[in-house]
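Reading through the structure tokens given below for one structure.
The values are calculated or read from the model by the stated rules, or taken from the named source; none is laboratory data. Just so you know, these numbers come straight off a predicted model, no measurement behind them. Cβ placement follows ideal geometry from the backbone for every residue including glycine, while neighbour counts extend to all protein chains displayed.
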Amino acid sequence: MIGRATRRRRLTPYYFAAPAVIYLFGMWIYPLIYSVNLSLHQTEIYQLMTGGSFVGLGNFGELFQYNRFWNSLRVTGILTGVCVGTEFLLGLGLAILLNTAIVARRVFRAIAIIPLMLTPVVLGTDFKIMFNYLYGVVNWALTTVGLQPVQWLSNSFWAMVSVMITEIWNQSSFVALILLAGLQSIPTELYESAFVDGANNFRIFWSIRLPLILPMIFVAVFWRTIAVFRIFDVPYIVTSGGPVFSTEALSLLVNDIGYQAGQMGLAAALSLIMIVAMIAFALIYNRFFRFENE
Amino acid sequence: MKASPFAIGLSVLLTVASFSAFASGKQEAPSSGSAPRHIVLAVFTGPEYSNMEITKNVFEKQTGISITIDQIGRSAYEAKFTTELMSGSHAWDVLYLQGESFQAMAKAGTLHSLQDVISKKVQSELIPAAFQKGYYDGKLYALVANWHTNYYYYRKDLLANDGLTPATDWREFLTNAQKLTGPGPNGQQMYGDVYRAGTANNSIHFNFSNYFLAFGAKWLNSKFQPVMNSPQGIAALQYYVDLKNKYHVVPPDVAAVGYSELNQYFQSGRVGQVIQWSAAYPVLMTKAQSPQTYDKTGETLVPGHHLNGTYVRGSLATNDMWIIPKASQRVAGADAFIRWMASAAGAKEWAINGDDPINSLVYKDPEVLKARPDYAIAGTADQYAGTFPALPEGPQLLSIWTDNLARAVEGQITAKQAMDTIAAKWAVILKKDGYYN
């Protein structure tokens, strides 16, 4: 028979875990269950309190026939691929630069993380003003050197470029910081040995640095892919998903369907599709890029 | 290890603290008997907030009830108030509600009735067409806060330079626009018009719908059947599209132009004509906000259209509203606010500071007319103003309307395809919801 003291001892961890569990349930599990239920009903915005009619997987079927869904999927895919790829390359370059023994390295490191200090709304608003066709500083610079002004926010192609530039400018530092941590953890003896063996800089980078920071690259690419896939703030502020949905990422479509068009059930269904997609990506990514500790 | 009372107490404290993190803030106890001395009012950023910051001082002096204003970003406003109202939050006592969402929020049962708040005497002073907008299912739930319509603003000097006069119809408007478009005095490109063509916050709707109504088109007939794809409706959209894609008299970035950008084009002297809200009058026609152009700008009614030998006029009006959330715990104070804003005293302050109340007495008040010279045409403009269909399905219908208009302006579909698509999609929704068979 278990004594009272033993029972109390066994329950202590649960007391400490209780706040976190309550938070998890309240902020994640319950909303998820509610969202799943909502996605199975055709619920207009004014039916949120009373509930809509049950349609099973009807909302999902409607989404797959919705042109804007496929457009948003395409936009999100392009944003994810280009932004993550560019952020990785720029971040790697920046990390290598910041890892080099240059004068005022600490100052450069501080400057490099300034983009991360800006909130997305401030960032998006600033870039939106800079990209303004009429009075933006970017077009001013272009016209000053004799080039034509660009419709950064009102042309489908350039609007995507504007969103990408804004996001890449903001987050390359994040990637750089992660990779810098990896570079700094490489023992210097490895470089010394490589130099002694006659390896050049490229060889050192390719055969020593890159393999040893691969776990960091894995982490950075993984987190940035998830973040860009569910991007909302930057395209919302800079282009509002326009012109004519050319920069409408999936999260913006969720917002538009839910709050603009008042189709809450449909919006919930799209949210779930996004969640499933991200989970699938995480599982596949981990499966193929798992690193085992030596 | 023995479980200490300290550990248990700390766990309980942390649990309670985590619950309190979800609390929506300090709440006053519901009033019992006398009106509360304080209410919270929510409004989006922009001229309405600026106005309220001034008007509330007069309200506080006259009633003894203080107001805290919760200013919310315009682009996030719809999502914010939908969430707050639907969740039954006590955060606000009065809300500035966008007219397009009124029917949906009323149908959802989130609004407090105003049935006995405004006296019969004051009701008789209110513009009838506007006052009726606050009714849902036979009961009053809102007081229209702003009965904005649109004006035709123009540069007197630019028109005069080219021997032009303010347009009275759309043919003249186009002729003016074509002559005004070209290199300006400073070598910068000038345009004959600028309009909104984006989908963000239904931007294109707020400009195009003036052209639509002024061409004599309608959204629905008396049986709630969609008729926007009439010859007049298609012609209006074709005209709008041609301004950009055929005649090139509007800037190429109209898809990114919103209310502020439209004003900026005009204020910077790059545009000769524009259809813009009456609320833009202080922005475009005062020295403080448009030092370069205010004294060269004129305003008149939106151009009309010759339709089958008849001259028709039309313009878009919106009817944003004051409502009291059903969950408000200071209803008496909120009622006092609504009562005051409906009265001539409150409406006068609201009007002097830049907005357009629906108490007709203010449009004859000498002090108001001195502060608001644009009111000289407001009464006439209001006669021709029309509003978007006020239905609970409004947000969904508006989204379909906006999306297809934008596609047409971008050249993805023709004007006819756009209007036909809108009509077909609206028909599905309206039939499903039983408006007609």
Unique match (being more than 13 Å from every other protein chain (Cβ to nearest Cβ) and of a type in the set (S, T, N, Q)) among A:Thr100, A:Thr119
A:Thr100
How many residues, within segment B:90-111, are away from every other protein chain (no Cβ under 14 Å) and surrounded by fewer than 20 Cβ atoms within 10 Å (Cβ to Cβ)?
2
Any chance B:Leu114 is crowded, with 22+ Cβ neighbours inside 10 Å, more than 12 Å from chain A (Cβ to nearest Cβ) and over 19 Å from the mean Cα position of the chain (by Cα)
yes
Restrict the check to segment A:275-283 and report whether at least one residue is over 25 Å from A:Ser173 (Cα atoms), within 14 Å of chain B (Cβ to nearest Cβ), within 17 Å of the chain's Cα centre (by Cα) and of a type outside the set (S, T, N, Q).
no
Extreme residue, nearest to the other protein chains (Cβ to nearest Cβ), among residues of segment A:1-30 that are surrounded by 12 or more Cβ atoms within 10 Å (Cβ to Cβ) and among the aromatic types (Phe, Trp, Tyr):
A:Tyr15
For A:Val276, indicate whether it is part of a helix (DSSP H, G or I), without any contact (Cβ under 8 Å) to a residue 24 or more places away in the chain and more than 15 Å from A:Glu167 (Cα to Cα).
yes
Please list, ordered by residue number, the strands (runs of 3 or more DSSP E) wholly in segment B:34-108 having 1 or more residues that are of a type in the set (D, E, K, R).
B:66-72
Could you count how many residues in segment A:140-157 are over 26 Å from B:Arg407 (Cα atoms) and in a helix (DSSP H, G or I)?
5
Which residue, of B:Asn186, B:Asn229, is assigned to a loop (DSSP other than H, G, I, E, B) and in contact with a helix residue (DSSP H, G or I) (Cβ under 7 Å, 6 or more places away or on another chain)?
B:Asn229
For segment B:275-316, list the strands (runs of 3 or more DSSP E) that sit wholly inside it and hold at least 2 residues that are farther than 19 Å from B:Gly379 by Cα and among the small types (Gly, Ala, Ser); which are they?
none
Looking only at residues in segment A:238-251 that are under 17 Å from the mean Cα position of the chain (by Cα) and either of a type in the set (S, T, N, Q) or more than 10 Å from chain B (Cβ to nearest Cβ) (or both), which one is farthest from B:Arg407 (Cα to Cα)?
A:Ser251
Got at least one residue in segment B:271-290 being more than 18 Å from the chain's Cα centre (by Cα) and within 14 Å of another protein chain (Cβ to nearest Cβ)?
yes
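Table: residues versus (1) in contact (Cβ under 8 Å) with a residue 24 or more places away in the chain; (2) among the aromatic types (Phe, Trp, Tyr); (3) away from chain B (no Cβ under 14 Å); (4) in a helix (DSSP H, G or I).
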| residue | (1), (2), (3), (4) |
| --- | --- |
| A:Ile208 | no, no, yes, yes |
| A:Ile217 | yes, no, yes, yes |
| A:Val221 | yes, no, yes, yes |
| A:Arg224 | yes, no, yes, yes |
| A:Tyr236 | yes, yes, no, yes |
| A:Val254 | no, no, no, yes |
| A:Leu266 | yes, no, no, yes |
| A:Leu272 | yes, no, yes, yes |
Give the residues of segment A:144-177 that are hydroxyl-bearing (Ser, Thr, Tyr) and either in contact (Cβ under 8 Å) with a residue 12 or more places away in the chain or at the interface with chain B (Cβ under 10 Å from one of its Cβ atoms) (or both), sorted by residue number.
A:Ser154, A:Ser156, A:Ser162, A:Thr166, A:Ser172, A:Ser173
Is segment B:194-215 home to any residue that is assigned to a loop (DSSP other than H, G, I, E, B), surrounded by fewer than 22 Cβ atoms within 10 Å (Cβ to Cβ) and of a type in the set (Val, Ile, Thr)?
no
Look through segment A:72-114, keep the residues that are farther than 19 Å from A:Leu183 by Cα and touching a Lys or Arg at 6+ places or on another chain (Cβ under 9 Å), and return whichever of them is surrounded by the fewest Cβ atoms within 10 Å (Cβ to Cβ).
A:Thr80
Considering only helices (runs of 4 or more DSSP H) fully contained in segment B:362-437, which possess at least 3 residues that are crowded, with 20+ Cβ neighbours inside 10 Å and either within 13 Å of chain A (Cβ to nearest Cβ) or modelled with pLDDT under 95 (or both)?
B:375-383, B:394-410
Only residues that are assigned to a helix (DSSP H, G or I) and surrounded by fewer than 24 Cβ atoms within 10 Å (Cβ to Cβ): list them for segment B:350-361, please.
B:Ile352, B:Ser360, B:Leu361
B:Ala279: passes all of (1) out of contact with any Pro (no Cβ under 7 Å at 6 or more places or on another chain); (2) under 30 Å from A:Gly241 (Cα atoms) but (1)
